[in-house]
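The values are calculated or read from the model by the stated rules, or taken from the named source; none is laboratory data. These numbers were taken from a predicted model, which means no experiment stands behind them. The accessibility values were calculated without ligands, DNA or RNA, using every heavy atom of the protein model including side chains. Shrake-Rupley method; radii C 1.70, N 1.55, O 1.52, S 1.80 Å.
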Amino acid sequence: MSVALTDDEAWAVIAAAHTGILTTLRRDGRPIPTPVWFVVDGRSILVAGPKGTAKFGRVRHDPRVAFLVESGERWAELRAVRVDGLAAVVDDPDWVTVDAAIEQKYGGHRAPRSEMAPAAARRYDEARALLRIEPDAPLVSWDNSRLESR
């Protein structure tokens, strides 16, 4: 058995992951990895955030991205999926649907606005934007626990 996951298994791992690492590119080509919360929409990854954050500007300049989720602490538990793809800022997102998906996944993890520090609440009250990440290459995945069963 291979350590690689099937596409269906890999997308299930992505969807179940809590935090992803989104890597965008600066104008000088330097990669900038950023932890993000996200939801899966079919075979796409959606990342929402304040419109003015740098990741949206970097994607507008260069849409090439990588997205990684991982889990496990012991070597035999290590599992990861990497998506190489193109990201685009969605022009007119369906915020009702996106917000429902985000609330379902992260509702228990977010502080209510009334409990946030004022600067944090203001930051998240800014206009929002949405990235859609589409793979443009085969997914790269591994699950070391598959080696244990050999």
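Observations
- Full extension of the chain between Y106 and E70 yields a length gain of 11.2 nm, computed as 0.36 nm times the residue separation minus the alpha carbon distance.
- With DNA, RNA and ligands ignored, accessible area of S141 (1.4 Å probe; Å², nearest 10): 20 Å²
- Annotation: per residue accessible area for the chain equals 59 Å², rounded to a whole number [probe 1.4 Å, protein chains only].
- The fraction of accessible area contributed by carbon and sulfur in the chain is 53 percent, rounded to a whole number (1.4 Å probe; ligands and nucleic acids excluded).
- Residues I133, I102, I21, ordered by accessible area of protein heavy atoms at a 1.4 angstrom probe radius and largest first, appear as I21, I102, I133.
- Taking all protein chains as shown and a probe of 1.4 angstrom, R74 keeps an accessible surface of around 140 Å².
- Solvent-accessible surface of protein heavy atoms, probed at 1.4 angstrom with all chains present, puts L25, L131 in the order L25, L131, largest first.
- Rounded to the nearest 10 degrees, the inclination of helix 7-16 to the longest alpha-carbon principal axis of the chain is 50 degrees.
- In the context of the full protein assembly, H61 retains an accessible surface of approximately 90 Å², using a probe radius of 1.4 Å and ignoring ligands and nucleic acids.
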